[in-house]
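First comes the structure, then the notes that go with it.
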Amino acid sequence: MSTVQHDPLGTLGSHISRKMHDKHGAAHIQRGELTLTIEAGKIVETLTFLRDDPKCQFEILIDICGVDFPA
């Protein structure tokens with residue numbers, strides 16, 4: 001008998017990727033956390049989507065991290 005493993009974070013990451021199209025750069029899971037990599041100019045739009053989308057329903061913002069890659 002085979003077992004189907006349900007990966008809620010993977011499912012959520014895939015949903016966000018499908019719905020946001022090219023509006024964010026990447027969704028990946030590392031150390032049990034879903035991480036979205038987005039452009040700085042897309043933060044408000046992305047956070048609004050995460051709050052308002054019925055499959056996401058995020059209620060609290062815990063952390064935003066920034067990285068600068070100088071040329």
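A count restricted to segment 31-46 and to residues that are closer than 13 Å to residue 19 by Cα and either charged (D, E, K, R) or in contact (Cβ under 8 Å) with a residue 60 or more places away in the chain (or both) stands at 1.
Out of all the residues in segment 27-46, is one or more touching a Phe, Trp or Tyr at 6+ places or on another chain (Cβ under 8 Å), open to solvent by 100 Å² or more (accessible area, probe 1.4 Å) and farther than 17 Å from residue 9 by Cβ? Full working, then the answer.
Initial filter on segment 27-46 (touching a Phe, Trp or Tyr at 6+ places or on another chain (Cβ under 8 Å)): none.
The answer is no; no qualifying residue exists.
On the given criteria, is residue 53 loosely packed, with under 10 Cβ neighbours inside 10 Å and either among the charged types (D, E, K, R) or under 14 Å from residue 9 (Cβ atoms) (or both)? Here the answer is no, as residue 53 does not meet what is asked.
Residues in segment 47-63 that are touching a Leu at 6+ places or on another chain (Cβ under 6 Å) and touching a residue at least 40 places away in the same chain (Cβ under 8 Å): 56 only. Quick one: would you say residue 49 is among the aromatic types (Phe, Trp, Tyr) and at pLDDT below 85? Taking the combined requirement at face value, the residue does not satisfy it. The number of residues in segment 10-43 that are part of a helix (DSSP H, G or I), under 16 Å from residue 63 (Cβ atoms) and either among the acidic types (Asp, Glu) or at pLDDT 90 or above (or both) comes to 0.
The values are calculated or read from the model by the stated rules, or taken from the named source; none is laboratory data. Bear in mind that the values here come from a model prediction, so they are computed numbers and not experimental data. A quick note on method: Cβ atoms are made from the backbone with ideal geometry, for glycine too, and the neighbour counts reach across all protein chains shown. The area values use the complete protein model at the heavy-atom level, side chains included, leaving out ligands, DNA and RNA. Shrake-Rupley method; radii C 1.70, N 1.55, O 1.52, S 1.80 Å.
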